[in-house]
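The structure under discussion appears below in the form of structure tokens.
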Amino acid sequence: MTSSRPSAAASVPNDLEPYWMPFTANRAFKARPRLVASAKDMHYFTPDGRKLLDGSAGLWCTNAGHNRDPIVKAIQAQAAEMDYAPAFQFAHPKAFELAGRIAALAPGDLDHVFFCNSGSEAVDTALKIALAYHNVRGNGSRVRLIGRERGYHGVGFGGIAVGGIVNNRKMFGALLAGVDHLSTTYNRAEQAFTVGEPEWGAHLADELDRLVALHDASTIAAVIVEPLAASTGVLPAPKGYLQKLRAICDKHGILLIFDEVITGFGRMGYAFAAERYGVVPDLICFAKGITSGSVPMGGVLARKGIYDAFMRGPEHVIELFHGYTYSAHPLACAAGLATLDLYREEGLFERARKLEAPWAQAAMALKGLPNVLDIRPVGLCLGIDLASRPDAVGKRGFDAMDLAFHEHGLMIRGVGDTLALSPPLIISESQIGEIFDKLARIIKAVA
Ligand SMILES: Cc1ncc(COP(=O)(O)O)c(C=O)c1O
């Protein structure tokens, strides 16, 4: 899609200092800001009117593209009709409608939706549901949670405890007790330059059996993994790995949680990656793409049996002591409904599936450029590992992201020395070409 600049020039703020920016090198940013002021379809625009092709769907979230009219209109109409409805003991109709629409997209009997406001909250919600589920069924000894090295599950204490990224954990104390981790599935020696899911690595799921032998199944509540470990640098699941995890969880009565905060809503060519892999997890965390990033929203899909397990005792008593003031916020629900309409009307999940091959082909053409150690295209996602500068791990990736923004009109994410891409699903084949032309020039420039 082509985009023209939607609104008048915005001014650059005089004082950047008061804003403590999240997951940002604040001093470097404030010395040379990367500011965006407006957006439309595949593009951002800087305050001085420069156009940037969005190679990262914002932060893996604007799957339908930016400022799409039906979503904008739905948010505007909802804001005018009803700003807020209490989420505890009261509700508004769009919450039910959206829950039904999401459940209809989910595989198997994942048919109940608990709403929250972010991916981190979705993860905490899923972990709490898993623990409480075992409790209500009389299995209160199942308190252990299993995550995975290099996993990213947001920044709540639950999420960083099961997550496996050392910088996100090491400053924050003892985290949750009783957590253990599977190994990362990434092994460059075995998997480098694989298109899609690698052949090597399904056996790593057997580690769950080892953890069961160590802790005993009667102490383990749930395993949480991302079907594609995206934030850590785009590490696709090895072929057969997720299916194996499902089978081992079934054998031991352990709940399997898929964190689909990034993979949900089309990123992997399906409504949920669970469908791509033919695996029905017990709980799915989602966020980001549900509103195409337009209004914060997250949630957890639960299988029928899990919801039903809570529906007992006197009817006037709350069944799950958990929720957020802004669960199922009316603006988010209106945005979510309009977003799901757009995904369906424009066939965006199917479009992502069709674009996967040309996307991967264009990505693999970067092989052989200086410092490129691995290229991992999967779905409409991509990780490119660059060799670190000897004296400064992460600097080459940072320079590439910064240069892309300031000199090449491209937004990408730098994750250490890995470049991560995940464009909106409306991207055209010529825009794919444009991204990779720019990337080739950027990779050479940071050599
Ligand atoms: C898999 C996964 N889980 C959870 C989160 C956290 O989401 P949020 O930043 O909305 O809290 C993210 C964010 O990227 C994610 O990728």
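The table below gives the values:
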| quantity | calculated |
| --- | --- |
| Ala95, sole failed condition from (1) touching a residue at least 60 places away in the same chain (Cβ under 8 Å); (2) within 15 Å of the ligand (Cβ to nearest atom) | (2) |
| Residue, farthest from Leu182 (Cα to Cα), within region 250-267, restricted to residues that are within 9 Å of the ligand (Cβ to nearest atom) and among the acidic types (Asp, Glu) | Glu260 |
| Restricting region 381-422 to residues that are in contact with a helix residue (DSSP H, G or I) (Cβ under 6 Å, 6 or more places away or on another chain), surrounded by 24 or more Cβ atoms within 10 Å (Cβ to Cβ) and not aliphatic (A, V, I, L, M), the residue that is nearest to Ala37 (Cα to Cα) | Ser422 |
| Those residues of region 112-157 which are more than 9 Å from the ligand (Cβ to nearest atom), open to solvent by less than 60 Å² (accessible area, probe 1.4 Å) and not in a helix (DSSP H, G or I), in sequence order | His112, Val113, Phe114, Phe115, Cys116, Asn139, Gly140, Arg142, Leu145, Ile146, Gly147, Arg148 |
| Verdict on Ala362 being modelled with pLDDT of 95 or more, surrounded by fewer than 18 Cβ atoms within 10 Å (Cβ to Cβ) and of a type in the set (A, V, I, L, M, F, W, C) | no |
| Among the candidates Asn168, Asn135, Asn139, residue that is in contact (Cβ under 8 Å) with a residue 40 or more places away in the chain and of a type in the set (S, T, N, Q) | Asn139 |
| Boolean, Ala10 is among the small types (Gly, Ala, Ser) and surrounded by 18 or more Cβ atoms within 10 Å (Cβ to Cβ) | no |
| Candidates Asp54, Asp69, filtered to the one that is modelled with pLDDT of 95 or more and open to solvent by 50 Å² or more (accessible area, probe 1.4 Å) | Asp69 |
| Matching residues in region 284-300 - criterion: being within 13 Å of the ligand (Cβ to nearest atom) and not in a helix (DSSP H, G or I) | Ile284, Cys285, Phe286, Ala287, Gly293, Val295, Pro296, Met297, Gly298, Gly299, Val300 |
| Options Leu204, Leu208, Leu245: the member that is on the phi < 0 side of the Ramachandran plot, in contact with a Ser or Thr (Cβ under 8 Å, 6 or more places away or on another chain) and not in a loop (DSSP other than H, G, I, E, B) | Leu204 |
| Single condition Pro377 does not satisfy, out of (1) open to solvent by less than 10 Å² (accessible area, probe 1.4 Å); (2) part of a helix (DSSP H, G or I) | (2) |
| Unmet requirement for Tyr270, which otherwise passes all of (1) within 15 Å of the ligand (Cβ to nearest atom); (2) open to solvent by 10 Å² or more (accessible area, probe 1.4 Å) | (1) |
| Yes/no for Ala87 being touching a Ser or Thr at 6+ places or on another chain (Cβ under 7 Å), in contact (Cβ under 8 Å) with a residue 24 or more places away in the chain and either under 14 Å from Ala332 (Cα atoms) or away from the ligand (no atom under 16 Å from the Cβ) (or both) | yes |
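The values are calculated or read from the model by the stated rules, or taken from the named source; none is laboratory data. Given the structure is predicted, the values throughout are model-derived calculations rather than measurements. A quick note on method: Cβ atoms are made from the backbone with ideal geometry, for glycine too, and the neighbour counts reach across all protein chains shown. Heavy atoms of the whole protein, side chains included, go into the accessibility calculation; ligands, DNA and RNA do not. Shrake-Rupley method; radii C 1.70, N 1.55, O 1.52, S 1.80 Å.
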